[in-house]
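Visitor: Below you will find the structure I want to go over with you.
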Amino acid sequence: MSGGLEGPAPEERMRPEGRRNSQGIRIDPEVEAEPNTRQAVLSAYVEHRPGVLAEISGLFSRRQFNIESLTVGPTVDENRARMTIVVEEPEPGIEQAKKQLEKLISVISVRELEPDAVQRELVLVKVNGEEPDKVQAITEMYDGQTLDAGPRTITVQLTGDEQKIDDALDAYRQFGIREIARTGYAALTRGEQTTAKENVRTAD
Amino acid sequence: MSERATPTSKPADTDDAEGEKRDRKPVETGADSVVAALKNAGVEYLFGVQGGAIMPVYDALYEDEDLTHVTMAHEQGAAHAADAFGIVTGDPGVCMATSGPGATNLVTGLADASMDSDPVIALTGQVPTEFVGNDAFQETDTIGVTAPVTKASFFASDPDVVGDDVGTAWALANEGRQGPTLVDLPKDVTQGETDHEPGQPRTPDTYTPPERADETVVEAAAEVLANSERPVILAGGGVIKGEASAELRAFAYEYEIPVITTMPGIGSFPEDHDLSLEWAGMHGTGYANMAITNCDAMFAIGTRFDDRLTGGIESFAPDAEIIHCDIDPAEISKNVHADYPLIGDAAIVIEQVDAAMPGRPDVDEWCEQCQQWKTEYPMDYKTPDDEPLKPQYVVEKFDEATPADTIVTTGVGQHQMWACQYWTYTEPRTWVSSHGLGTMGYGLPAAIGAKIAAPDREVVCFDGDGSFLMTSQELSVAVREELDITVVVLNNEAVGMVRQWQDGFYEGRRMASEYPWIPQFDMLAEAFGARGFRIEEYDEVEETIAEARAYDGPSVIDVLIDPAENVYPMVASGGDNGLFALSEDQL
Ligand SMILES: Cc1ncc(C[n+]2csc(CCOP(=O)(O)OP(=O)(O)O)c2C)c(N)n1
């Protein structure tokens, strides 16, 4: 092959001492620590028009962000919708997910909710109905509601945070769970603060 | 194309007060409103291909005096021409296509523009709204297909609003971080009646690109730069897009900080200046890669730290504190962690940092080191008598023959790297290439867009034989439009870059990389009505370049180069920039 240039060979060259990790952060080469993965609840205030959901879900799949759940619904402004997205990512990934969302023109603002935010999920559970009294007892214990009861199955509704719902589902398991439908989180900040404001792009 | 519409017959003085000279008939249809919106935006040229669903828009252009439509051979060509027009002028280039295959043919060009943040607006026809979703003839979900490769896309749903949709799309392509946008135009909407006169193009109220960076971070960053011992500036395409070349130059000269560019940043800083180390990355210069690897502070401006630039992240500038200025917050710490994020407009932020500098770094030793690397790793090549013509020589001779503001476009492959390495760029918007997407076939349609954008400047396209074969039909456009451009095919009878990788990494197993037979490009050019030339020997180079340049119209020079020539330096994919190979045995 021809081509090739003059100059000191690779092993003869001046070399830096440092190193970065796979996230591009400078590290002490001796102690390589990978960032922790955590769950974050992102609330996005978006334009309420066709295609926005596809755009956002496309963004998440294209950039390989892990979505745990995603809910969409109208807001007090008929031109706006709110999406509540639960992502699970290493720290830089959560920040990236937020910024990439904010970058979409149809996204008006994005906010990561504090752990103390009001968060609720609704779940419908269809369990075997052989022991209606026991099922009822558990439903009451978790503040649930019986929506439908037949000779063979009982369908109940539960709302709460993830922990409560997981516990309730564990308790129903003894009867045999036939089907589950979970909505994923809907969430708002606590107190007077609004969750996502018009005209505010929380870019940095 | 009729007489009146040739670009050369176009009056150049279109800077009259809005609406005065550009008088237009009142809006009667959605299509009229689209045309009116383009005029409000100051658009003069459109690149496109006709077709059923877009016919109403073309019809609205029929008697128009101000907008010139350039009919391209293929919609991909239209998108690349619009892209290059956008790069050269700084304003969004416009491309048009019909629904279905017209729209899907644009996709490569839009993806290319998206990766390189080039301002482009695409107008696509769509089947009438009532047929949408029924798999109608030439129906494609254009929004669905293009959303991932556009900055924003709009489905027009109302003749009264479609003009403003176009205005918004144009403004979004232009403002903030530039990029491609698209408006999908169902035929019933463009045919529908309206008398709505669209307003001036404007972005949505919720779109507010940042301007000034956070002052406390600016101060901290200036402190770091002033106290660094081995600083570099890394100038990306954002410097050019943000019109910040003057600020960059002033800053670098003032503090004597060596400047490295990315490939899209080429032209932001004069490569013939002492402080220039040219460009870093996979095939960047040895001295740029040495400096970027060993620096202790990096002021990176308008770059997204692409992997072809950084090599393996673990070994990228591992001793450097990174000051990263970008107008797009999502670029901060995406690939390389920014110690000092400066979110804002490049020109403004450079001035902010300048104002905050507490002193000047002591760089004498470092600058000397950088100069030494320049002598240690020269970009020299050999021209042995017993080997065929070297492509580098052709690039250098062309550069010597042409003025400094000559525009260079390229395909993708080895020839692109030689055009980058052996041409000395000194001005912004002279280097027009496909970086992020690496689109073979970009060069010729880009040369067409560039020449229409800058009719008074020379335009040369360095192409590979493989790249040229992908879009050579656009020669028909260059001939018809009488565009004085020169295509230099650095012909190695192979997709050379692939062949180089096969030799380096696949034990020389040359699968599908060599052309057993290839057309004669000078004759192909003549068949199109262009002038064809051929170069086989060194002593033909200068003379043929002179002849091709002298010919007033498109010409193609088929240069038979050494098929064995490879591109060096080279950093293997994901490798360590500081360990660039100077020849195959070092890979
Ligand atoms: C559209 C497209 N297809 C395939 C590739 C992969 N590819 C990268 S470089 C290259 C070789 C290009 O050959 P040529 O245009 O002849 O240029 P050379 O490398 O020989 O100078 C190929 C096939 C590409 N970049 N773009």
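The values are calculated or read from the model by the stated rules, or taken from the named source; none is laboratory data. Quick caveat: nothing in here was measured; it's all calculated off a predicted structure. Positions of Cβ are backbone-derived with ideal geometry, glycine not excepted, and every protein chain shown enters the neighbour counts. With ligands, DNA and RNA removed, areas are computed over all heavy atoms of the protein, side chains included. Shrake-Rupley method; radii C 1.70, N 1.55, O 1.52, S 1.80 Å.
Visitor: Would you mind computing, in nm to one decimal, how far apart the modelled labels at A:Thr71 and B:Asp274 are, each placed 7 Å from Cα along Cα→Cβ?
Guide: So the two model labels end up 6.6 nm from each other.
Visitor: Ok, one more. How high is the FRET efficiency from B:Glu365 to B:Ala404, r the C-beta distance, R0 45 Å, rounded to 0.05? Write out the running numbers ahead of the final one.
Guide: On the way: r = 32 Å, r/R0 = 0.72.
About 0.90, to the nearest 0.05.
Visitor: Please state the relative contact order of chain A as a whole percent: Cα pairs under 8 Å, 6+ residues apart?
Guide: Reported relative contact order: 22 percent.
Visitor: Residues with beta-carbon under 11 Å from that of B:His435, excluding B:His435: net charge, scoring Lys, Arg +1 and Asp, Glu -1?
Guide: That works out to -2.
Visitor: Then there's this: Which residues of region B:311-326 end up with at least 30 Å² less accessible area in the presence of all protein chains than when their chain stands alone, using a 1.4 Å probe?
Guide: B:Ile313, B:Glu314, B:Pro318, B:Asp319
Visitor: Please list 3J(HN,Hα) in residue order for region B:228-243, calculated via the Karplus relation 6.51 cos²θ - 1.76 cosθ + 1.60 where θ = phi - 60°; whole Hz, with x for glycine and proline.
Guide: For region B:228-243, the Karplus curve yields 6, 9, 9, x, 9, 9, 10, 9, x, x, x, 5, 6, 4, x, 6 Hz.
Visitor: In addition: Can you give the local net charge around A:Val41? Use residues other than it whose beta-carbon is closer than 14 angstrom to its beta-carbon, Lys and Arg +1, Asp and Glu -1.
Guide: With Lys, Arg at +1 and Asp, Glu at -1, the neighbours total -3.
Visitor: Once amide H atoms are built 1.01 Å from N in the peptide plane, which residues 5 or more positions from A:His48, or in another chain, come under 5 Å H to H?
Guide: A:Arg80, A:Ala81
Visitor: Turning to a different aspect of this structure: If I take R0 = 35 Å and measure r between the Cβ atoms of B:Thr375 and B:Glu211 in this structure, what FRET efficiency does the formula 1/(1 + (r/R0)^6) give, to the nearest 0.05?
Guide: Values: r = 42 Å, r/R0 = 1.20.
My answer for the efficiency is 0.25.
Visitor: Distance check, please: which entries in A:Lys164/B:Lys334; B:Lys241/B:Lys334; A:Lys99/A:Lys164; B:Lys39/B:Lys151; B:Lys187/B:Lys451 exceed 27 angstrom between their Cα atoms?
Guide: Flagged as over cut-off: A:Lys164/B:Lys334; A:Lys99/A:Lys164; B:Lys187/B:Lys451.
Visitor: Percent antiparallel among DSSP beta bridges with both residues in chain B, to the nearest 5?
Guide: Details: 3 of 68 bridges.
In chain B, DSSP labels about 5 percent of beta bridges as antiparallel.
Visitor: Still on this structure: Suppose R0 equals 60 Å; then what is the FRET efficiency for B:Glu28 and A:Gln174 from their Cβ-Cβ distance, rounded to the nearest 0.05? All intermediate terms of the calculation are to be shown ahead of the outcome.
Guide: Values: r = 72 Å, r/R0 = 1.20.
The computed FRET efficiency comes out at 0.25.
Visitor: Something else about it: Could you report the accessible area of A:Thr146 in Å², rounded to 10, computed with a 1.4 Å probe on the protein chains as they sit in the structure?
Guide: 60 Å²
Visitor: Which percent of the accessible area of the protein assembly as shown is formed by carbon and sulfur heavy atoms (probe 1.4 angstrom)?
Guide: After summing per-atom areas, the C and S share lands at 47 percent.
Visitor: Spelling out what I want: for every residue of region B:47-52, take phi, set θ = phi - 60°, compute 6.51 cos²θ - 1.76 cosθ + 1.60 (Karplus), and round to whole Hz; glycine and proline get x.
Guide: Those phi angles translate into 10, x, 9, 5, x, x Hz.
Visitor: Also, quick follow-up: Estimate for me the total accessible surface buried between chains B and A (protein heavy atoms, probe 1.4 Å, no ligands or nucleic acids), in Å² to the nearest 100.
Guide: In total, this chain pair buries about 4100 Å².
Visitor: Explain nothing, just the number: relative contact order of region A:38-112, from Cα pairs under 8 Å at least 6 residues apart, as a whole percent.
Guide: 46 percent
Visitor: At 7 Å along Cα-to-Cβ for each site, give me the label-to-label distance between B:Lys382 and B:Asp59 in nm.
Guide: 6.8 nm
Visitor: Okay, next question. Please work out the average accessible area per residue across chain B, using the 1.4 Å probe convention, and give it in Å².
Guide: Here the per-residue accessible area is 36 Å².
Visitor: For region B:215-376, what does the alpha-carbon gyration tensor say about shape, rounded, prolate or oblate, given a ≥ b ≥ c as the root eigenvalues, a/c under 1.5 as rounded, and a/b over b/c as prolate?
Guide: rounded
Visitor: Run down the aspartates and glutamates and flag those whose C-alpha is under 13 Å from the C-alpha of B:Lys397, throwing out any fewer than 8 positions away in its chain.
Guide: Hits, sequence-local ones excluded: B:Asp539, B:Glu540, B:Glu542, B:Glu543.
Visitor: Which chymotrypsin sites (Phe, Trp or Tyr not before Pro) from region B:102-163 combine a DSSP loop assignment with at most 11 other Cβ atoms within 10 Å?
Guide: When the chymotrypsin sites (Phe, Trp or Tyr not before Pro) of region B:102-163 are filtered for loop state and at most 11 Cβ neighbours within 10 Å, B:Phe137 remain.
Visitor: Rank these residues by their accessible area, most exposed first, probe 1.4 Å: B:Ile343, A:Ile25.
Guide: A:Ile25, B:Ile343
Visitor: A further question on this structure: Suppose each label sits 7 Å from its Cα in the direction of the beta carbon; what would the B:Glu256-B:Ser573 distance come out to in nanometres?
Guide: 4.2 nm
Visitor: Let me ask something additional. Consider a paramagnetic label point 7 Å from the Cα of B:Gln473 along Cα→Cβ; state which residues of region B:31-69 have an amide N under 15 Å from it.
Guide: Flagged as within label range: B:48-51.
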